[in-house]
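Encoded as structure tokens, the structure appears first; notes follow it.
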Amino acid sequence: MSSDLHNVVPFDIDGDGLPEALGASLTDDSDAGRVLALLADPATRESGWAPRAAVALARQWSDAGHRVLLVDANLADPVLHALLDEPNGEGVADAVLYGVSPARMARTREEGFLFASAGTAVADPSSVLRHPRWRSVLSACRESGATVLLYLPGGTPGADSLAGEGDRVVRLRTALSASTGGVSPEHVVLHPPRSDAAGAAPAANREDPAAAEKEAPVDPAGTTDEASPDEGAAVGASTSRTGVQDSSGAPATGAEPEAEVPPGEAGTGGSRSSGLEPRPVKRRVSVLGVVLILLLLLLVGGVVVAALLGLLEVPGLTPPVDAALHPGHPSWSS
């Protein structure tokens, strides 16, 4: 990064105060009643760093003794209220679309700053960002005497033009885009420190012990550094189904020893220890085949019965007909 870009500064959201360059230009008394647009790029929003940076700015400005109003204008994906454990009640969308006053939508936080959530969900967030009533909403916020931090989704239609309605633009970028992308001299650019360039991932590892445990190197032998060679041998000597052993290598009380795996089965796709064993394949008889067999049997049986009753002449099955008993037989015509 070029050394003459004094408006591009790293911002540690877990730090104790604002960077000197940022504090000198934005936290003096002249900023009271001004609107600072926090224009967050998509990459910083997706990583989670941008919304946490917006909350950190509000807290640090408030700690410096300034009256701050944090406004969530990311209507498509509002997250600031979740970070602050606040309900997403009446907020920005209600003020712009329905004329709700800023005093009604703002809620006082215990940290000392005011917060206005995104408010009622809307079908077309971009149209709300381009709404002409924004000027009156921002004017009412300025009249309150608070420094307004307007959190906007950079790259969204209408966001850049709305940022131009503010008195100053603070862009939230990644460390890479901040150093390589074009930087306007009148804008202040904040980016994560190089050690935190991945955004929210390092913070997640600090808060989630399981994530840090996954990153720790795994000993291939399955033993810890503190285990002695004798203990490792005892662990590998015998394994019960419950994984509990005593110091002699025998399974603990109540544990069943695992069955021996026949030669040739170890290392195959299905592990014996997983409890998944091949089952005998059962042949299923087709229902259609059964129906066809029954119909065929009924047909054959019907032919046999008809032949025995004389209704159908089948050689070898139809009994001989006595012409004297049957006047209609052809023999009567002779």
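Computed quantities for the displayed model
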read-out	value
Under-5 Å amide H pairs with LEU70, H placed in peptide plane, nonlocal only	LEU114, PHE115, ALA116, LEU149
Quotient of C-alpha Rg and 2.2 N^0.38 Å, computed over the range 50-122	1.04
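We did not get these values from a lab; they are worked out from the coordinates using the rules stated. Note that this is a predicted model, so its numbers are computed, not measured.
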